[in-house]
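Engineer: The structure's right below; bear with me while I get my questions together.
The values are calculated or read from the model by the stated rules, or taken from the named source; none is laboratory data. Treat the numbers as computed from the prediction; the structure is a model and nothing was measured. Here the Cβ positions follow ideal geometry from the backbone for every residue, glycine too, while neighbour counts run over all protein chains shown.
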There are 2 protein chains.
Amino acid sequence: MRKEFRDLADPEEAHEAIASLDLRPADEVVPLREARGRVLAERVDAALDVPGFDRASVDGYALRARDTFGADEADPARLDLVGEVHAGVEPAVEVGDGECAEISTGAVLPAGADAVVMVERTDIEGDQVLVRTSLAPGDFVMFAGADVAAGERALGPGTVLTPREIGLLSALGVDEVPVRGRPTVAIVSTGDELVRPGEPLNADVGQIYDVNSYTTATAVEEAGGEARLYPHAGDDYEAMERLLREAAVECDLVLSSGSTSASAVDVIYRVVEEGGELLLHGVAVKPGKPMLIGRLEGSAYVGLPGYPVSALTIFRAFVAPAIREAAGLPEPRTATVEGAMAVRERYDEGRLRYMPVGLVTDGDGETLVYPVDKGSGATTSLVEADGIVAVEPDVAYLDVGERVEVQLFSTEGRPPRVFGAGEDDPALSRLLDDVARPRYLGVGTREGLRRLRDGVTDVAVAAGDLAVAAGDVDDGRLPADAVELGGWTREWGLVVPGGNPAGVEGLADLVDRDLRFVNRTTDAGLRRTLEASLDELATERGQDRADLLEAIDGYEYAVRAHESPARKVRSGAADAGLGLRATAEALGMAFVPCGVEPVRVYVAASRREKPGVLELATAVERAETVLDDLAGYASD
Amino acid sequence: MRKEFRDLADPEEAHEAIASLDLRPADEVVPLREARGRVLAERVDAALDVPGFDRASVDGYALRARDTFGADEADPARLDLVGEVHAGVEPAVEVGDGECAEISTGAVLPAGADAVVMVERTDIEGDQVLVRTSLAPGDFVMFAGADVAAGERALGPGTVLTPREIGLLSALGVDEVPVRGRPTVAIVSTGDELVRPGEPLNADVGQIYDVNSYTTATAVEEAGGEARLYPHAGDDYEAMERLLREAAVECDLVLSSGSTSASAVDVIYRVVEEGGELLLHGVAVKPGKPMLIGRLEGSAYVGLPGYPVSALTIFRAFVAPAIREAAGLPEPRTATVEGAMAVRERYDEGRLRYMPVGLVTDGDGETLVYPVDKGSGATTSLVEADGIVAVEPDVAYLDVGERVEVQLFSTEGRPPRVFGAGEDDPALSRLLDDVARPRYLGVGTREGLRRLRDGVTDVAVAAGDLAVAAGDVDDGRLPADAVELGGWTREWGLVVPGGNPAGVEGLADLVDRDLRFVNRTTDAGLRRTLEASLDELATERGQDRADLLEAIDGYEYAVRAHESPARKVRSGAADAGLGLRATAEALGMAFVPCGVEPVRVYVAASRREKPGVLELATAVERAETVLDDLAGYASD
């Protein structure tokens, strides 16, 4: 039967177990041209002088300084011009007493000369050069080795190679650089239900696309490792053992990830326990209880949890630091960010928790931190989760305003420029295309307004009767300080198959005829609009409301997003779905109009001047162009 | 003759001229696996539901919720176990009234079931499952589309693809992503004197290694462009024209860089003016006066200054933002950093100045900013220059403590963990290998102590008589608050060719015999030690000091670094050079000992607890291992 985890290890033990594994690959030599971001493995001392010769540092004339003694504007020194020297050419001239030679910046100082005068301080008179200033030996000459001298320390081991280090190595003529190797990381994806993106998916047998493999591979590369994806293994012991051993032989670290299936975890457990060394199974940390650490074929092995956000969390907290260490890379400046809790978060599980959080900036540009994903396992949480906050076991709650440090999932991570939540609406979706770095959660009108009231989001989008006028706030449906950015109307009704084969004419048909209906979930503003219309119908007919709803087959069959009912209809699962004219048009289906509902965009007053909000406001003002393209949409 | 620049353009005009150029390449499609860091070109809406089926979200039993009504610990519901469903397999069982089926996390909910009970809340009794809790329909079921619903907005255009976005696209089954193209940038290096790293260098004809090509190429790649290096062109018109046109046809932007030669600049100027469109030549900004902006073959053309730091400066201020814009990339969070001026900096040139600066952290972790490279053109300035500060034309000076914003040369840029300056010493060089991210400038003892007094550096390394005991500070040679970290002694003398063919026996030979000598420059502590010994010799002999020095052939022939005199001797340019026993040994030469001098490491008291200083202190404490390896070195 299913294997139960043994005593959970302390998170510190998990860090130590990973630290005890040897992920460090051999150093390697790379061409300078490909060395960007790599880490120098050894000290590089200069093997030559830079410049390698005494060099003019201006355009002018090479001369003997003593010949210019006492010269000035009024009383120039007169020197015979005896030749010229260009950069990259061996001087064919020698400079004697009372002589000079034209010289270009960078050219070799000719024999006999010990200084250069800038062309701006000279005049030509026949074959003579008038030098209108006095010079000292060495003036405007860069002596050999003055820049870098042979034998000097140039760069030390551990230096990250950025443009300027590449420049210094270029100056030294170095074209191959000894660098730290990048640890190779095998990504082994388990679970019979997983299909790699791009391959056909059969939902009937419960297949889903593999999220963790590419996510983890990308995170490995951000941390300085080299990720290799291995083909899916089934859950049987022999196939898994073969695959894991092969991966372990070929890579410095094996990460298994992807399966939520306990049997796959059991198989891996056995392979590592029997074929290698199991250091640790189960860590007292949330998430990550099922984490597994061991050795196989002399390589390191770490098993990540199956939920995408949990897998990234454990990767960020335990594995990324180990990969960076093995690659010789410092923790990047952008790996963490500080912020203040936007909401109060209770916690009393008695063990360390890595709390996935999202970031948002308030009106003053301060970073706020809010918890996301309470273990739902949803992929969409990935979009909202910017990183994790470590909450110690003895912390009972985090208060609003409390400072926390966020370990970001990506060094590219940063708060969205505008953060909104609310109704799922095709016009809004297009308007967001004109806003840089927005985050929008289609959680429905009611939830969108709630989040605005909670002070987390900048913007709420409401549809239906909750899209009240901005002045109309006393009923508490809107935050007291909400400002309206604008809005539009959209035509709603029943989406039916192309040609409307059942001849549906309106809502009454749902009640009176034998039609299968698909509804939206109660969070949608559109659902409330439907309810209001059905209430009217009940009143008109003098019928009991509950009886009327009962008569609609599928009224409780509710799906989440604006296209979902229509797609159910298209798949043949129903005859009519609640939806928009725009959706019917987009999916090539027929539409039975039932009415027009308002959609309004609200913003918290304190966030009104955020750059991202200003951008969204501009987009909303110019909404016509988008609305014109969408059937059934109109300006408010 | 040489072409003079026309009226200098305003920096704003230069930004506008670059903005008017079209660097934006066509969008492209890349495999998801290679999409990290790329920028989404179009909105991606979900084309399918995630999950695509109703899915168990725990391991347990699929059942009909109404069969568990009223069940609890004491009074469980008893259901017949009729089969099992695993993830990735089509359910072969249907669940009827009073029945249940074992189900794994992620498996398809079998027909008839509407909820799942966790295995932890059940017991097995024969063929029956005891369910010790009541369930509602939908409990522990993730409905099709609950995570992402088909038709929902997934990601917008302009999104930078990090692990989590890659994860979301994976979930949607997307394996090819439309992304913004990377602008291709041709790097054209000019100047007959430039040699590419790795190729042989002939210093006699004034050749130097090309620094700007690789530096600029690396910076282009950091900014999100794709750099292509073109072969060197000579300074003649036809060759240059052919090369520039070819580069312009093949790339979105051509950057010329590398030459300090006015003639090469002239040729480029003519090619762009005659074959394309010259928008601007010469900008009122320091450095960068010679900057050139134009169009050629429909592509953009920008000419950078020749000095490495100046080239990077103009690249950072004008070109990097344009490349990022063309690539659709936001300015990275790490592109700028704020700090306080460490020293007062006068300025009154009346035009915008991009001042190259270095960064250092003080004892409180605050970032300090100090000016570097006053136009010397030195490659080594690259190592000290972390970025630039824009100083407006009307600013007369920047005061100590004034807040400035630094535009970093690299997004990887950050202050050194320990910053020292002073004597060039092989033991120190090795000790620094054990310190993470040090910056050390071998500017000599005197200058090192001066910088420590100025409050810029953390550490000074002094040799010779300036390496006084730390308590002995009243003479002003040490900053009042300097703390000694430790030190060692090194044997100095004359480095002569192997076997000492001239039979040099000591300093007196330099005075009395016809020997060519090579000295160190006056900044070296070692030079002062030599001076003191020669003073003693003069006193012993009752000879005038000046006469004695005059008698040494080459006393004024001074070179910069610790190996430089020895290398001159080895090249045959001299018979004896001032140096260390360790150097003679390292270069396989003979050594005539003259004495032992102390080397001491001092740190500013306020910086004593900086992590980098602590690391250096540990390295100095453990210096023996390094000293044992170096001839003539000993513990202090």
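Engineer: Pick from the stretch B:91-105 the residues that are touching a Gly at 6+ places or on another chain (Cβ under 7 Å) and outside any strand (DSSP E or B): which of them is nearest to the other protein chains (Cβ to nearest Cβ)?
Structural biologist: Looking at the filtered set, the residue picked out is B:A92.
Engineer: Does B:V319 qualify as being farther than 28 Å from B:T380 by Cα and either within 14 Å of chain A (Cβ to nearest Cβ) or touching a His at 6+ places or on another chain (Cβ under 6 Å) (or both)?
Structural biologist: no
Engineer: Just the residues that are of a type in the set (V, I, T), surrounded by fewer than 24 Cβ atoms within 10 Å (Cβ to Cβ) and more than 7 Å from every other protein chain (Cβ to nearest Cβ), please, taken from the stretch A:192-223.
Structural biologist: Selection gives A:V195 alone.
Engineer: Ok, one more. Could you check how many residues of the stretch B:545-564 are touching a Lys or Arg at 6+ places or on another chain (Cβ under 9 Å) and outside any loop (DSSP other than H, G, I, E, B)? Let's see the steps before the verdict.
Structural biologist: First pass over the stretch B:545-564, keeping only residues touching a Lys or Arg at 6+ places or on another chain (Cβ under 9 Å): B:548, B:553-554, B:557-562, B:564.
Checking which are outside any loop (DSSP other than H, G, I, E, B) leaves us with B:548, B:558-559, B:564.
Residues in the stretch B:545-564 being touching a Lys or Arg at 6+ places or on another chain (Cβ under 9 Å) and outside any loop (DSSP other than H, G, I, E, B): 4 in total.
Engineer: Follow-up question, since we're still on this one. Which of the residues that make up the stretch A:199-235 are free of Cβ contacts under 8 Å to residues at least 60 places away in the same chain, touching a Pro at 6+ places or on another chain (Cβ under 6 Å) and outside any strand (DSSP E or B)?
Structural biologist: Hit for the stretch A:199-235 is A:T218, nothing else.
Engineer: Out of the residues in the stretch A:288-316 that are under 25 Å from the mean Cα position of the chain (by Cα) and more than 14 Å from chain B (Cβ to nearest Cβ), state the one that is nearest to A:T379 (Cα to Cα).
Structural biologist: A:G288
Engineer: Output the residues belonging to the stretch A:68-112 that are within 12 Å of A:L130 (Cβ to Cβ) and charged (D, E, K, R).
Structural biologist: Those that are within 12 Å of A:L130 (Cβ to Cβ) and charged (D, E, K, R): A:D72, A:E73, A:D75, A:R78, A:D80.
Engineer: Here's a follow-up. Please state which one of B:V569, B:V626, B:V559, B:V601 is of a type outside the set (D, E, K, R), touching a residue at least 40 places away in the same chain (Cβ under 8 Å) and more than 14 Å from chain A (Cβ to nearest Cβ).
Structural biologist: On inspection, the qualifying residue turns out to be B:V601.
Engineer: Sticking with this structure for a sec: Quickly run through the stretch A:106-154 and pick out the residues that are more than 10 Å from every other protein chain (Cβ to nearest Cβ), assigned to a strand (DSSP E or B) and farther than 17 Å from B:R560 by Cβ.
Structural biologist: A:A115, A:V116, A:V117, A:M118, A:T122, A:D123, A:E125, A:Q128, A:V129, A:L130, A:V131
Engineer: Something else about it: Is there any pair with a first residue in the stretch B:538-550 that is closer than 14 Å to B:L510 by Cα and a second that is of a type outside the set (A, V, I, L, M) and part of a loop (DSSP other than H, G, I, E, B) whose Cβ atoms are under 8 Å apart and which are 6 or more apart or on different chains, and what are they?
Structural biologist: Here the result reads B:A538/B:D544; B:L549/B:Y555, each pair linking the stretch B:538-550 to a residue that is of a type outside the set (A, V, I, L, M) and part of a loop (DSSP other than H, G, I, E, B).
Engineer: Right, here's the next one. What are the residues in the stretch B:322-346 that are touching a residue at least 24 places away in the same chain (Cβ under 8 Å) and part of a helix (DSSP H, G or I), if any?
Structural biologist: Of everything in the stretch B:322-346, those that are touching a residue at least 24 places away in the same chain (Cβ under 8 Å) and part of a helix (DSSP H, G or I) turn out to be B:A322, B:I323, B:R324, B:E325, B:A326, B:A327, B:T334, B:A335.
Engineer: Out of A:V39, A:V30, report the one residue that is crowded, with 20+ Cβ neighbours inside 10 Å, touching a Lys or Arg at 6+ places or on another chain (Cβ under 8 Å) and within 14 Å of chain B (Cβ to nearest Cβ).
Structural biologist: On the way: A:V30 fails: crowded, with 20+ Cβ neighbours inside 10 Å.
Every option except A:V39 fails the conditions.
Engineer: If only one of B:G503, B:G499, B:G554, B:G525 is at positive phi, surrounded by 13 or more Cβ atoms within 10 Å (Cβ to Cβ) and small (G, A, S), which one is it?
Structural biologist: Going through B:G503, B:G499, B:G554, B:G525 in turn, the sole match is B:G554.
Engineer: Still on this structure, I have one more. Looking only at the stretch A:166-198, filter to residues that are within 27 Å of the chain's Cα centre (by Cα) and without any contact (Cβ under 8 Å) to a residue 40 or more places away in the chain; which one of those is farthest from B:G198 (Cα to Cα)?
Structural biologist: Filtering first and then ranking leaves A:V195.
Engineer: For A:G112, indicate whether it is without any contact (Cβ under 8 Å) to a residue 12 or more places away in the chain and either farther than 30 Å from A:G328 by Cβ or out of contact with any strand residue (DSSP E or B) (no Cβ under 7 Å at 6 or more places or on another chain) (or both).
Structural biologist: Answer is no for this residue.
Engineer: Could you go through the stretch B:444-460 and let me know if any residue there is among the hydroxyl-bearing types (S, T, Y) and closer than 30 Å to B:D575 by Cβ.
Structural biologist: Of the residues in the stretch B:444-460, the ones among the hydroxyl-bearing types (S, T, Y) are B:445, B:457.
Checking the rest, the ones that are also closer than 30 Å to B:D575 by Cβ come to B:445.
Yes, that holds for at least one residue.
Engineer: Still on this structure, I have one more. Among B:D45, B:D49, which is the only one that is within 11 Å of another protein chain (Cβ to nearest Cβ) and surrounded by 22 or more Cβ atoms within 10 Å (Cβ to Cβ)? Break it down stepwise before answering.
Structural biologist: On the way: B:D45 fails: surrounded by 22 or more Cβ atoms within 10 Å (Cβ to Cβ).
After applying the criteria, what remains is B:D49.
Engineer: Are any of the residues in the stretch A:226-244 modelled with pLDDT of 95 or more and either away from chain B (no Cβ under 12 Å) or crowded, with 24+ Cβ neighbours inside 10 Å (or both)?
Structural biologist: Within the stretch A:226-244, one or more residues are modelled with pLDDT of 95 or more and either away from chain B (no Cβ under 12 Å) or crowded, with 24+ Cβ neighbours inside 10 Å (or both).
Engineer: Can you pull out the residues in the stretch B:335-362 that are of a type in the set (D, E) and in contact with a helix residue (DSSP H, G or I) (Cβ under 9 Å, 6 or more places away or on another chain)?
Structural biologist: Residue satisfying the conditions is B:D362 alone.
Engineer: Here is a further query. Is there a residue being assigned by TED's automatic domain parsing to the domain that holds A:G298 and over 27 Å from A:L382 (Cα atoms) anywhere in the stretch A:190-201?
Structural biologist: No, the conditions are met nowhere in the stretch A:190-201.
Engineer: Just checking, which of A:A35, A:A41, A:A77 is in contact with a helix residue (DSSP H, G or I) (Cβ under 9 Å, 6 or more places away or on another chain), closer than 30 Å to A:G224 by Cβ, of a type outside the set (V, I, T) and not assigned by TED's automatic domain parsing to the domain that holds A:L352?
Structural biologist: Being in contact with a helix residue (DSSP H, G or I) (Cβ under 9 Å, 6 or more places away or on another chain), closer than 30 Å to A:G224 by Cβ, of a type outside the set (V, I, T) and not assigned by TED's automatic domain parsing to the domain that holds A:L352 holds for just one of A:A35, A:A41, A:A77, which is A:A35.
Engineer: Is it the case that A:P356 is in contact with an Asp or Glu (Cβ under 6 Å, 6 or more places away or on another chain), at pLDDT 90 or above, within 22 Å of A:T216 (Cβ to Cβ) and not assigned by TED's automatic domain parsing to the domain that holds A:A631?
Structural biologist: Yes.
Engineer: Would a scan of the stretch B:166-184 turn up a residue that is touching an Asp or Glu at 6+ places or on another chain (Cβ under 7 Å) and facing chain A (nearest Cβ under 7 Å)?
Structural biologist: yes
Engineer: I'd like the full set of residues that are among the charged types (D, E, K, R) and at the interface with another protein chain (Cβ under 8 Å from one of its Cβ atoms), limited to the stretch A:403-429.
Structural biologist: Within the stretch A:403-429, A:E412, A:R414, A:D424 qualify.
Engineer: Here's another thing I want to ask about it. Condition first: in contact with a Ser or Thr (Cβ under 6 Å, 6 or more places away or on another chain) and surrounded by fewer than 22 Cβ atoms within 10 Å (Cβ to Cβ). Now tell me which residues in the stretch B:110-129 satisfy that.
Structural biologist: B:R121
Engineer: Does A:T445 satisfy the criteria of being away from every other protein chain (no Cβ under 14 Å), under 30 Å from B:P332 (Cβ atoms) and of a type in the set (V, I, T)?
Structural biologist: In short, no.
For every residue, the table says whether it meets (1) closer than 27 Å to A:A378 by Cβ; (2) of a type outside the set (V, I, T).
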{"residue": "B:E73", "(1), (2)": "no, yes"}
{"residue": "B:L79", "(1), (2)": "no, yes"}
{"residue": "B:V82", "(1), (2)": "no, no"}
{"residue": "B:V85", "(1), (2)": "yes, no"}
